[in-house]
1. Could you work out how far helix 629-654 tilts from the main Cα principal axis of the chain, as a 0 to 90 degree angle to the nearest 10?
2. May I ask which residue of Val284, Leu429, Gly337 lies farthest towards the positive end of the charge dipole of the chain, with charges of +1 (Lys, Arg) and -1 (Asp, Glu) on Cβ and the Cα centre as origin?
3. Can you pull the percent of the chain's accessible area that's carbon plus sulfur, 1.4 Å probe, other chains left in place?
4. Using only Cα atoms, locate the centre of region 530-549 and the centre of region 83-102, then give the distance between them in Å, rounded to an integer.
5. Order these peptides, 377-383, 238-244, by their mean beta-carbon neighbour count within 10 angstrom, highest first.
6. Would you mind listing how long region 416-579 runs along its three principal axes, going by Cα atoms, in whole Å with the largest first?
7. Just to be sure I follow: if Rg is taken over the C-alpha atoms of the chain and Rh is the Kirkwood radius over the same atoms, what is Rg/Rh?
8. Is there a pair in Lys9/Lys168; Lys97/Lys573; Lys97/Lys561; Lys241/Lys283 whose C-alpha atoms are over 30 Å apart, and which pairs would that be?
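The values are calculated or read from the model by the stated rules, or taken from the named source; none is laboratory data. None of these values were measured; they are calculated from a predicted model. Cβ atoms come from the backbone with ideal geometry, glycine included; neighbour counts cover every protein chain shown. Note: accessible area is taken over every heavy atom of the protein model, side chains too, but ligands, DNA and RNA are not part of it. Shrake-Rupley method; radii C 1.70, N 1.55, O 1.52, S 1.80 Å.
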Amino acid sequence: MDENRLPPKSIRHLLITAEHAGFQYRGGIGSYAQEMEKLLGGDRLGIFFVGEKEYSPAKFPPEQFLRRKRWIVPSLIVGQDQCAFLPKEDLVYLCFKRILPLYPRLETVEIQDCDGWGVRIAQAKRAGLLPENLTVKIRCHGTYVYLEQAHSKWWADQYHLRLMAREKQAIEQADCVSFPTDFLHDLYLQSGYNISPDRVEKLRYPLALPTAQEPVEFRRADSLIFVGARTSMKGFPVFVKALKKLLAGPAGEAVRKVYILGSTDPAMARENAYIKSLGKRLKVKEAALPRRKLLKTLTMLRGRAVCVLPYLGDNHPNAVLEAMACGCPMIAADRGGIPELIPADYHDQCLCPPDSGSLAESMARLLTMSPKDRQALAEGVRREYLAAQQAINQSHWRMESPAKAEPAPKPKPRETVLLVLTESPPDELMQALEEQTRNPDRILYISPDSFGEALQEENKEAIVIALEEDYRPTPEFIRLHARYLEQNLRTGAVSAYCQEQGGRVIRPLGDGLALNMSEDGLGHGGAAFSLSHLREADLLNWDRIKAPEDLFPALLGCGGKIGAIPEVLSQRKARPNADRDFTRGLALGFLADSLPRFEALRLAGVMQDYAAMQQTPAIAIARELENYPFLLRLGRAALEKAARIYFRIKSHKDA
């Protein structure tokens, strides 16, 4: 471990993150990871860093970095091919499996909710593949459901449909889901996440407390400070409109300096131009400061400045906490999780509605407030905030969570029926069934056409395991599928990974009904089903159930739960990808008889995104060209000729 610069064996908490403020990331997740590392120290907390872009597992890290940081990174655990080609969630799980034996004292593995990289770890815990006393925690910062609300924008392409289904599954499968604010918790519930209350933890993020401040004289306020990226989410357009109104009134005469401390967004061209124009009449400073310099600036200016934070939908903006910690008088929008961060006794003085008129009035009120009253306000807010933050830091230090991993319920044995969908099973399949570590109570060899009828005739409490003819189960296939449904009593179906001849691995996600309209991600022909759940959903009477795959969208559409076991438990012949023709789409539509709220929201996003795409010039040109096939052939011939010329020139240069 020392040779590879891994964290010491003493760690009790492993934090998996794709961001870290100490390494090129300044966002909220990166700041949280850095604060946790500083608070708990390297003997108690280990960092598992799985970065993005130039810090992706296949490229990172350089040896120079590893000499300074005792972090776990995928390139230390697995080969470059796996780093480059495995799905990120499977790469994270594979690395975690391999390092887990090195840390016998590990109590908690914590993964950030954004992008859902922890989904396979959470599923493995549900499947009994990880120790019972290990708590799998998802720390919530804001999934794409949150980003959609904050930006008033849909993320509805196939990549994001898969990502959002992954995020949802990770949260719903985890032992503990930690929220910093009720705002974010309520948003997830309203968006269709199914989170049991006994698994919810409410705990704000840690933040290092500032040292004692040097005294500063408070005098008449003459400066305004906007902190944050210049985006709509941060309320920059609202701030600019409010600033115009303020400067047009009598209170605006007091303003001498305006500080804009944050990155520039090209989409805010009009607002940016206005800030530039203010330089003719006021002193304007624009900068994107590192955190240390930002805190120093707020501390130095607190005696004559007002910090303005009109964020429109933030969950837990650290800038609000830092303004309070620096003792800088502030005004913030009464939106998102901000009201939960500011001491309740000061809401009427520090919060305002998120419109330009109210913000202008609030800025004018603080600017014209007497220095004595403004100092009393800032110091009172700071005192109460520091006391609350100290208690939060202590809770993180103790690492005591109200939602701990509960011992898995002792499986209640249930009758297990194996349905093999062939009347003449091949010898290889028979041999694989003889090698099972758990034998089914009964085995039925049936025609594939009679699958639906066979389900109706079985004991209503039984677990039915289906196997299509070309499947070859591993010895643990029946045992792990049956145990999953015996331990997870609210789950109606479960399937594991399946490897096709040729190497492709089918990796069911267990969620994503809208996603399944374009790809198969719910389950496959080697799976287990709880008959009691199918009967409760009235699915056994459906004449549209012809194969095991048909049950997954039907069950999910009725609000049922589908599990996934992230291990290869069967092999099958290679099959072409499902053809999404009209008949296939019609069948899926019939099977999804109703839509859960989460899926309805996803479908709304897809349709709005599609409608917007239809209005683009490219679509209009393509439709027009359909009427002129000669032009299409001519264009294709021109492109092919251009390509031949390009490659001829390129090969000549290479030679």
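1. 80 degrees
2. With unit charges placed on the Cβ atoms, the residue in question is Val284.
3. Numbers: 15890 of 30470 Å².
Using a 1.4 Å probe with all protein chains present, the chain comes out at 52 percent carbon and sulfur.
4. Using only Cα atoms to place each centre, the spacing works out to 35 Å.
5. Working: 377-383: 18.4, 238-244: 22.0.
Ranking, from highest mean packing down: 238-244, 377-383.
6. 38, 34, 31
7. Details: Rg = 29.0 Å, Rh = 28.1 Å.
That ratio equals 1.03.
8. Values: Lys9/Lys168 32 Å; Lys97/Lys573 28 Å; Lys97/Lys561 25 Å; Lys241/Lys283 18 Å.
As for pairs spanning more than 30 Å Cα to Cα, those are Lys9/Lys168.
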